[in-house]
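Peer 1: Handing you this structure, nothing more for now.
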Amino acid sequence: MHELSIALSIVAMAEEEAGQRGVQVKAVHLKLGTLSGVVKEALLFSYDLACEGTVLEGSHLLIEEVPTVVYCPVCQAERALASVQRFCCSVCDSPTPEVLQGKELEVVALEIQ
Ligand SMILES: [Zn+2]
């Protein structure tokens, strides 16, 4: 399962960080783009599994979803994507291959006790 390996690496990273600083992690804040290919619910479920038996047990994963933004060469502006299946501008319907955001999968902060 794709999400489980991601959850394991997030937990390993947070564990290392907590160990170095001698703190207890209460929550992990994650930015997740809608184009990242990761299912939010599956990641939350995997996170709880990955935390079991570690110092992070009982902590929470807080996911901030990042919408996809593309650059439309016709409008010459940043636009929302018409749909994840169709890479077209939501305003003029031109193909927009340039993704500005939406692929994020990054830990932005650790909340400590
Ligand atoms: Zn456009």
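Peer 1: For the chain, what is the calculated [θ] at 222 nm in deg cm²/dmol (nearest 500), taking -39500 (n - 2.57) for each run of four or more DSSP H residues and dividing by its residue count?
Peer 2: -9500 deg cm²/dmol
Peer 1: What is the helix-to-structure angle for 2-21, meaning the angle in degrees between its Cα long axis and the longest Cα principal axis of the chain, kept from 0 to 90 and rounded to the nearest 10?
Peer 2: 50
Peer 1: Rounded to the nearest 10 Å², what accessible area does Asp48 have for a 1.4 Å probe in the complete protein model?
Peer 2: Around 90 Å² of this residue is reachable by solvent.
Peer 1: Within the accessible area of the range 25-113, what % is carbon and sulfur when the probe is 1.4 Å and the other protein chains stay in place?
Peer 2: 52
Peer 1: Pairing the Cα long axis of helix 40-51 with the longest principal axis of the chain, what angle in degrees results, from 0 to 90 and rounded to the nearest 10?
Peer 2: Relative to the chain, helix 40-51 is tipped by roughly 20 degrees.
Peer 1: Between Ala50, Gly33, Cys72, whose Cα lies farthest towards the positive end of the dipole of the chain when Lys and Arg beta carbons carry +1 and Asp and Glu beta carbons carry -1, centred on the Cα centre?
Peer 2: Cys72
Peer 1: Here's something else I'd like to know. At 1.4 Å probe radius, can you tell me the per residue accessible area of the range 18-62 in Å²?
Peer 2: Per-residue value: 52 Å².
Peer 1: Share of antiparallel DSSP beta bridges in the chain, in percent to the nearest 5?
Peer 2: Approximately 70 percent, going by the DSSP bridge assignments.
Peer 1: What is the spin-label model distance, in nm, from Leu105 to Gln76 if the labels are put 7 Å beyond Cα along the C-beta direction?
Peer 2: Once both label points are built, they end up 3.7 nm from each other.
Peer 1: Residue by residue through the range 101-113, which ³J(HN,Hα) values in whole Hz follow from phi under the Karplus form 6.51 cos²θ - 1.76 cosθ + 1.60 (θ = phi - 60°), with glycine and proline marked x?
Peer 2: So the J values, rounded to whole Hz, are 8, x, 9, 4, 8, 9, 7, 9, 7, 10, 8, 10, 8.
The values are calculated or read from the model by the stated rules, or taken from the named source; none is laboratory data. No experiment lies behind these values; they were computed from the predicted model shown. Neighbour counts run over all protein chains shown; Cβ positions are idealised from the backbone, glycine included. For the accessible areas, the whole protein counts, side chains as well, though only heavy atoms, and no ligand, DNA or RNA atoms are used. Shrake-Rupley method; radii C 1.70, N 1.55, O 1.52, S 1.80 Å.
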